[in-house]
Structure formats: structure tokens, C-alpha cells
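A.B. asks: Sharing a structure, written as C-alpha cells. Questions coming.
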Amino acid sequence: MDEKLNSLLEYVKLEGRVCPLPNHWNALWQMLPNRTQKSSGGWEPPLPLILAAWWESSALLKMERLAAHINYAAKHGDLDEVDQFLRNLIPDQWAYGDGTTEWAAYKAR
């Protein structure tokens, strides 16, 4: 795995981070290149878990979706911009885990 990619994936797990808050997560998704809507109605990369999905999705699903967005950015040559965006978010622009088992299991990955 690319060192920068691995570093960012580790960074977003630190201090109990789950994912950016919805408006910041949407801004991140908007900066991902080559977003396309599939004929099924879904998106590539998948949409951030915001709006109604925010309340229906577990912290683990949110962490996995954020990791998918980061990996997508790396695959499409946009990792530097995503890395800078995420590292420049201030603490109150992140959602944090509550120490649940699922958060601990994800952090250990």
C-alpha cells in the first residue's frame, strides 16, 4: 500500500474519528474525480452516508465508506487533495466514535 494512502487511512482513525460531519463529507465527495451515476441509480464512488443515511448508518459503516472514498481518491490520482482536505478539518468538523466495540474493531484494522 502506498505510504501516503496508509498514513491518511491511519490518520482518520486517530482520536476516535469516524468521518467528517455531513457538510464536510459531502464537500470531500464532491472533490472526488470521475463521479458517475450508474444505471441502477447508485453512484461510483458511493455517496457519503449523510442526510437520512447519517441517522440509519452505524459508525462502522461510516468509517468504511470514508475509507472507500480515500481509496477511490488514491486510485484516481486525487489523494494529495483529499489528504490536505481531511488533515485541515478542525476537531469540531469530525464525528467521533463513542468507544463502541465496532469502533475499536475498525481502529485495529
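A.B. asks: What FRET efficiency do you get for residue 43 and residue 3 if R0 is 30 Å and r is their Cβ-Cβ distance, rounded to the nearest 0.05?
C.D. replies: Values: r = 29 Å, r/R0 = 0.96.
In this case the efficiency is close to 0.55.
A.B. asks: Where nothing but the Cβ of Lys and Arg (+1) and of Asp and Glu (-1) is charged, how large is the charge dipole of the chain around its Cα centre, in debye to the nearest 20?
C.D. replies: 200
A.B. asks: Under 5 Å between amide hydrogens, which residues at least 5 positions from residue 19 or on another chain qualify, with H placed 1.01 Å from N in the peptide plane?
C.D. replies: 95
A.B. asks: Same structure again: Output the DSSP H helices from the chain with an along-axis C-alpha extent of no less than 18 Å and a mean Kyte-Doolittle hydropathy no less than 0.0.
C.D. replies: Passing helices, by number: 59-75.
Values in this text are rule-based calculations from the coordinates and carry no lab data. Everything numeric in this text was worked out from a predicted model, so none of it was measured. Cβ: placed from backbone, ideal geometry, glycine included. Neighbour counts: every protein chain shown.
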